[in-house]
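Take a look at the structure below.
Bear in mind these aren't lab numbers, they're just calculated from the coordinates by the rules spelled out. Fair warning: this is a prediction, and the values are worked out from it, not measured in the lab. FYI the Cβ positions are ideal-geometry reconstructions off the backbone, even for glycines, and counts take in every protein chain you see.
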Amino acid sequence: MPGNGDDQRVHRLSRRAFIKGAGAAAAAARLIGAAVPLPAVEVADNSSPNPDGAIAERLGPGAVTIELKVNGAARKITVEPRVTVLEVLRDHLGLYGTKLVCDRGACGACTIHLDGHPVVACMMLAVDARGHEIVTIEGLGTPDRMHPVQAAFVQADALQCGFCTPGMVMSIAALLEDNPSPNIDEIKRAVAGNICRCGTYPHVFNAALAAAKSRGAKPKGGNA
Amino acid sequence: MNRFEVVTPRDLPNAVKLLSGRNHAALAGGVDLLDLLKQNIVAPQSLVNLKGVGAMDAIETDESGGVRIGALVKLSEVAANPTLRERYGAVAEAAAQAATPQVRNLATVGGNLLQRPRCWYFRHPDVNCLKKGGDRCYAPGGLNRYHAILGGGPSFIVHPSNLAPALVAFAASVKLIGPGGERTLELERFFTLPRIDPTRENVLDTGEVLIEVMIPAPAPGAASAYLEAREKQSFDWPLVSVAAIVVSDDTHLIRDARVVMGAVAPIPWRSHEAETALRGARLDSSAAARAAEVALKPAAPLSDNGYKVPIAKALVRRAVLRAGGIETA
Amino acid sequence: MARTVTVRLGFTGDTSDVKLVIPDEEPTPWQWGDKFSVVGRATPRVDGPLKATGSARYTYDIDLPAMLYGAILRSPYPHARVRAVDLSRARALPGVRAAIERGEPIVRFAGQEVAAVAAVSPAIANDAVALIKVDYEPLPFVTSMEEAQKPSAPRVFSDRSNVAAPSVTETGNVASALAQAAATHEAIYTTAVQTHVSLETHGAVARWEGDELTVWCSTQGIFTVRDDLAVLFNLPPDKVRVITAYLGGGFGSKFGAGPEVVIAAQLARAAGAPVKLMLPRSAEHLATGNRPSSLQHVKLGADRDGKLVAIELVEQGSGGIGGGAGSAGPFRTLYRCANVRTEERDIYVNAGPSSPMRAPGWPQGCFALELAMDELARKLKLDRLEFRRRNNGNPVRAREFDVGAKAFNWEEKSRAPRTAGTRRRGIGVAAAAWHAIGSAGPQAQAIAFRDGRVAIRIGTQDIGTGTRNILAMVAAEELGLSPSRVAAEIGDTRYLFSVPSGGSSTAPSNTPAVRQAAAHLREKLFLIAAPMLGAEPGDLEARDGMIRVRFEPARAASFVDVCRRIPADSLAAQGEHVPNYAGFRHDQAGCQFVEVEVDVETGIVAVLNVTAVHDAGRIVDPLTARSQVNGGVLMGIGYALFEERRLDPAIGVMVNPTMDDYKLAGPLDTPEINALFIEVANGVTNTGVLGLGEVVHVATAAAIACAVYDAIGAPVRSLPMTPDKVLAAIGRA
Amino acid sequence: MAQGIEHVFCAMLRTKTAYWRTPEGRRWFEPESSTACYTCLLTQRPIGPDGLPANAQTCGPDRGCFKTDD
């Protein structure tokens, strides 16, 4: 599916508003304590008038077609505004390298580069990513042509189950762009937002140092 | 997460107009908003996108020597800004220690100040606590190890912002724009205790937008420090944070001091007691320890969070010493 | 049928010739002093590039045409009667294709499955779940072990006590030994419930084609999931195919078909379309298992010479509605003692059930026993390492103590004064054991193709330890190839049977089958090569990509050239893991040394460095072996300092089912880790490879606790050692 | 220990070790194990369909939900 530009999957979905009052999801009764359901959402009409021109843009709540720049290519997708960048990458663009783990920005498994900076794709709405350059793990390298950081991860065995690995690689790759010769403390801080349950951090540090070295930089101190 | 629309107003006045409507929420960096949406804590009909309605994304020095930080400035930009690092070290350090590198590249200054508490009862989708309009706070009598030791009741949340204590220490103000026009408020007065209204953490009115933080020029001889104690060192909310400013001369005589604690109270907790104790004293470890002692005197811990008192004392003492240029453990 | 071979077994300084009776089809077990060209060399894993580039496809990444997304409605109540479930509004939601009830009249923990839906998008599935109306009758509940034992406590199971029958063992007479001991120690130690937090949550993609069921599953046991589903859906096992190409962690929680796997298959059948059902993070904490808590009443007695004369453990533990909380293993095993009594009790509470987790029972027991050992050593005025040496009965561990103490600088660090400053350093040591010798059953195929490719096929799975790599390395060793030329194909029940990846058994169970298969393939290739080289098959050897006449390296054919003579498309051979031999030893020893720094004003503990010394039999790949040590240590740091499932006593819900409030060790919490291996030729299988996953996790939390005790002079007898507990131990809070 | 292999287990009972087979081809239960986490395959939980705990000590022929292996 990657590469054909358009999202195929939306054609399975009706474009009508699916739910009268989608807020029912939010109103799922709070069962502990006095249950005060939040008000159900009145779904705004996608084509509601904007007489005084107060609104520059109105998206949703139904699916809207937007364009994102992913790994150098413009990709058109049709999604509800509530969809995150992570969901778009995985469920609409077939870019499965970026992982969902904590879904709250706490683990870094979904780290991508947004205009060159590492961000968590799970805590950003897709509509907010328009106009920005997104690079995912797939945009960094392929098994046959690995990015130096990816090659260093393999050499150092900086991966076990591999589920956190794309996010780790993205964090280290972003670090080395900013700071070609990080010491071990700078490396630790750069991946401080990435969680690995297999506990492979020591090898990640080794990989980062090796990748920096292979790019011709001299490590400045550090105790690795 | 419910369905919602995302509207981008033409300009700030229109953003205010939209946000004055029922069930609208402001969208800036979106990190805390998405967390709340995913937990079904909020279910707005409409997100009002503040990006693109006005600048709000710059850090500028003003004529009086102070600094203005736009509400949409990212935490990573605060952490890296040379002016802030040089003159408002505690602010830059607080930003640098917030959340994770990836979150700091998304999260904004405005969002950091306005984020909702991290209380696990508040964040639990099945628990309707006082803060969400329910009838009780579950912290007293419940699991309260991370809750308030100062200023609590009837809700015992702690304010989650890293930035706020540092900004309050520097006597920052916030500029708000709302249906009634623009107003400027000392940040210290912006935050509000639960005994006023347990469902909110600040006085931002419906329709109001926080657009800017203004920090006055620091007094000559002022130096700051920001310290956090966290259970773990990789991404954790602080158990206690302390921002301290010490204005002293070459002989370590303290002319003025500001001491603000984070994560101990429902608002950034300024300790006037500590400041009074420091003013006029010669800065040394016993003066700092005295300040720490009086700062925590009003503490009223719950069943499980008494340990935060000694931690706060240690951090107040260390922050004061560090601000005064005396390195400590 | 069988033959007798004599092999040299043991470890540095302690080897001997051992006679083994082995089946004819078995290659002679690797022995002490064998020279290898592949095995034992650090080899980056063969599937590393797929993982490093995000190309490895996990269950979570499976995408099928017309695939639906499943979601589960879970009980918010810790205990309730389910009076009625109304699925009508969910079913009526456009985009919903199936909705099912779980059908259990009582829910016993917050997070228990009640109903499920399948819809065309994850968002609609979640919307639909919110539309399900359930009429619950809340029932009284209990979430704390202490409360659960009160006579008036609500019952988790009606008419059954919340206290299960105890499991008691006794050798000797503990009571009288304690009475006569020169020194005794008695204290209570507690540990919290830890959850697995596999990064890939539990889940499956299920697809029916007629009466054939294919399930992509995040599991540690593809065959066990297959067998479970076959029983539940009344199918012959060969109508069920389970695929796990890559697995994002399991740590013991992913055996068998869990509720989410069964529900995915039910939804797929009801909807007539494939269904993907991956759990959200919160459900992972609530409902997929945990390491139970423990409350351990420990008594130790020693004589004047520092020899243990009595060990007693009275333990209770709870993971929730299930059992398995026993922690007595270390008490019965780690140290020599004539009088040992253990008593273990499971307590039921209204919370998600326990499941096996990385050396079940051992990190709990090791923590209590080893900290108690330090407390007794202090009374005896004995160096803590010396105290352990005197009571150690395992020669491998004796060597590990020596090697580790030297590498760690134990003596010098012991002599360093414990300063009175704010940040105090301390050191600790703890022993570990496990028994990772694997089990018979796995069957492997080794296939050579006409183009010279070699494939190993076996129905095992890679939980993250590098299974493909070590299987490729073992086959490559046998065939004289480089591992990169061997494709290890695993993770599919279409391949021959293997056992689940648990109990550290993947490497020890699968490598012998692979080695035997590769050896048989080599013999078959020799039959082809012999006429080419004008030699007898028995005179040939496979080395460096060549098949050649032994002692006459010039008479050789390349492996590829020999493969070209394969008459059909490929040449296949089979091997199996035969029952284990007596070998040298069946147990596995380890020990870890830890240095910490405690900030005595904040109670915050930093682990500075760890020296981990372990026996993994024959190390196939030191690189991936070190990765496993890192992993065991890091999970141990989390267990020691951060991790705890927190249940509110009043409302019965877990308050921290997220990855920000449930705290895992991260990069800045990572110490320097020095992994050292004591290689043991144990001869229990033809490879003598042992698993490492569990033994490397057993001692870490214990050693950290001992180091904290050393640093602050007071024991913290409760895990996790959060700042409140550390400050309380120091007397500052 | 005595009950060991003689014990008749319900065919629906599962624990980690039950997924291995003994050399005789039987499921490998350790009724004396204090660390085994049992589940009933029918509920995928440590509860039988009869609402009582599922484990090696109690999942015998005296329970209404008991099933034999073949």
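One table, with the values for the structure above:
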| item | result |
| --- | --- |
| Degrees, to the nearest 10: B:285-295 long Cα axis against longest axis of chain B | 40 |
| Neighbour-count order for C:Thr506, C:Thr59, fewest beta carbons within 10 angstrom listed first | C:Thr59, C:Thr506 |
| Surface/4 of the Cα convex hull for segment C:348-424, nm² | 8.9 |
| Links that overshoot a 22 Å alpha carbon limit, given the list A:Lys99/C:Lys51; B:Lys308/C:Lys663; A:Lys99/C:Lys663; A:Lys188/B:Lys51 | A:Lys188/B:Lys51 |
| Of B:Lys313/C:Lys406; B:Lys38/C:Lys150; C:Lys19/C:Lys406; A:Lys76/B:Lys38; B:Lys131/B:Lys297, those spanning more than 30 Å from alpha-carbon to alpha-carbon | B:Lys313/C:Lys406; B:Lys38/C:Lys150; C:Lys19/C:Lys406 |
| Fewest-first sequence of C:Thr467, C:Thr460 by Cβ atoms within 10 Å of each Cβ | C:Thr467, C:Thr460 |
| Relative contact order (%) - chain C, alpha-carbon pairs under 8 angstrom, separation at least six | 17 |
| Size descriptor, Kirkwood hydrodynamic radius, that averages inverse alpha-carbon separations across chain C, Å | 27.5 |
| B:Leu193-B:Leu253 pseudo-label distance in nm [points 7 Å out on the Cα-to-Cβ vector] | 3.6 |
| Viscosity 1.002 mPa s, 20 °C: Kirkwood-radius Stokes-Einstein D of segment C:435-543 over Cα pairs, µm²/s | 151 |
| Mean-position separation - Cα centroids, segment B:286-311 and segment B:150-188, in angstrom | 23 |
| Cα-based shape type of segment B:199-250, given that a ≥ b ≥ c are square roots of the gyration tensor eigenvalues and the cut on a/c is 1.5 | oblate |
| Normalised alpha carbon radius of gyration of segment C:377-512 [divisor 2.2 N^0.38 Å] | 1.61 |
| Charge dipole (segment B:142-240, unit charges on Cβ, about Cα centre) - positive-most of B:Thr199, B:His159, B:Leu239 | B:Leu239 |
| Percent breakdown of C-alpha pair distances by 20 Å bin, ordered from the shortest bin, for chain B | 33, 58, 9, 0 |
| 19 Å reach of a label modelled at C:Thr15, 7 Å along Cα-to-Cβ, counting backbone N of segment C:547-591 | C:583-586 |
| Dipole of the protein assembly as shown, positive end: most advanced residue of A:Ala73, A:Ala152, C:Ser161 [Cβ charges, Cα centre] | C:Ser161 |
| Gaussian network model of chain B, springs between alpha carbon atoms under 10 Å - residue of B:Glu182, B:Glu275, B:Glu228 with greatest fluctuation | B:Glu182 |
| Relative counts (whole %) of C-alpha pair distances in segment B:222-323, using bins that are 10 Å wide | 17, 51, 25, 6, 0 |
| Pairwise label distance in nanometres, C:Ala187 with A:Lys69, each label 7 Å out on the Cα-Cβ vector | 6.2 |
| Partner aspartates and glutamates for C:Lys307 [C-alpha distance under 14 Å; skip if fewer than 8 residues away on the same chain] | C:Asp374, C:Asp383, C:Glu386 |
| The protein assembly as shown: radius of gyration and largest Cα-Cα distance (Dmax), Å | 31.4, 101 |
| Residue among B:Gly66, B:Ala80, B:Gly54 farthest towards the positive dipole end of segment B:1-124, charges placed on Cβ | B:Gly54 |
| Three-way shape call for segment C:339-392 based on the alpha-carbon gyration tensor, with the a/c threshold at 1.5 | prolate |
| Cα-based radius of gyration of segment A:141-214 once divided by 2.2 N^0.38 Å, which approximates compact folds | 0.96 |
| Modelled FRET efficiency - R0 56 Å, B:Ser303 with C:Thr4, Cβ distances, 0.05 increments | 0.20 |
| Theoretical FRET efficiency, 1/(1+(r/R0)^6), r = Cβ-Cβ of C:Lys406 and D:Asp50, R0 60 Å, to 0.05 | 0.55 |
| Loop trypsin sites (Lys or Arg not before Pro), segment C:2-45 (other Cβ atoms within 10 Å of the site Cβ: 11 or fewer; DSSP) | C:Lys35 |
